[in-house]
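The values are calculated or read from the model by the stated rules, or taken from the named source; none is laboratory data. All figures in this text were calculated on a predicted structure; none of them were measured in a lab. Quick reminder, even Gly has a Cβ in these numbers, built from the backbone with ideal geometry, and neighbours come from all protein chains shown. Quick note on the areas: whole protein, heavy atoms, side chains included, nothing else; ligands and nucleic acids left out. Shrake-Rupley method; radii C 1.70, N 1.55, O 1.52, S 1.80 Å.
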Amino acid sequence: MAMDEEVYIERGLMDSLLRRDTLAGQELTTRENDELRMLCRGLSLTAISEKMNLSNKTVSAHKLRAMEKPGVQSDCQLYCLLAETRMFDIAI
């Protein structure tokens, strides 16, 4: 809970943000990169799987591997990290 205009940042996210170079240090594969870009544009895993002619499980596995590299554990942490690093434009 934030009080007096303070911002609370979950510990895992803060660790990821402080290790920002981790994202650059562990290269994403072309597929992981493409899928993260599409997620940031607001596409669902199902839409991405149809667009890339892959199964939902494969797309999900690529996303999970991409999340493991910087050490994020949730979609929220992933989007925050991508927004903070300005890796992609995030659709709002």
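Close Cβ contacts (under 7 Å, 6 or more residues apart or on different chains) running from residues in region 69-84 that are on the phi > 0 side of the Ramachandran plot to residues that are open to solvent by less than 70 Å² (accessible area, probe 1.4 Å) comprise Gly71/Asp15; Gly71/Ser16; Gly71/Thr22. Suppose we filter Ala61, Ala66 for residues that are assigned to a helix (DSSP H, G or I), open to solvent by less than 20 Å² (accessible area, probe 1.4 Å), of a type in the set (Gly, Ala, Ser) and at pLDDT 85 or above; which single one remains? So the residue among Ala61, Ala66 that is assigned to a helix (DSSP H, G or I), open to solvent by less than 20 Å² (accessible area, probe 1.4 Å), of a type in the set (Gly, Ala, Ser) and at pLDDT 85 or above is Ala66.
Would you please name the residue that is surrounded by the most Cβ atoms within 10 Å (Cβ to Cβ), looking only at residues in region 73-87 that are modelled with pLDDT under 85 and part of a loop (DSSP other than H, G, I, E, B)? Restricting to residues being modelled with pLDDT under 85 and part of a loop (DSSP other than H, G, I, E, B), the top hit is Met87. Applying the set (1) modelled with pLDDT of 80 or more; (2) open to solvent by less than 80 Å² (accessible area, probe 1.4 Å) to Thr30 leaves exactly one unmet item: (2). The set of residues in region 33-54 being β-branched (Val, Ile, Thr) and either modelled with pLDDT under 85 or surrounded by 15 or more Cβ atoms within 10 Å (Cβ to Cβ) (or both) consists of Ile48 alone.
In this entry, Ile90 passes the filter for residues that are at pLDDT below 75 and surrounded by 13 or more Cβ atoms within 10 Å (Cβ to Cβ).
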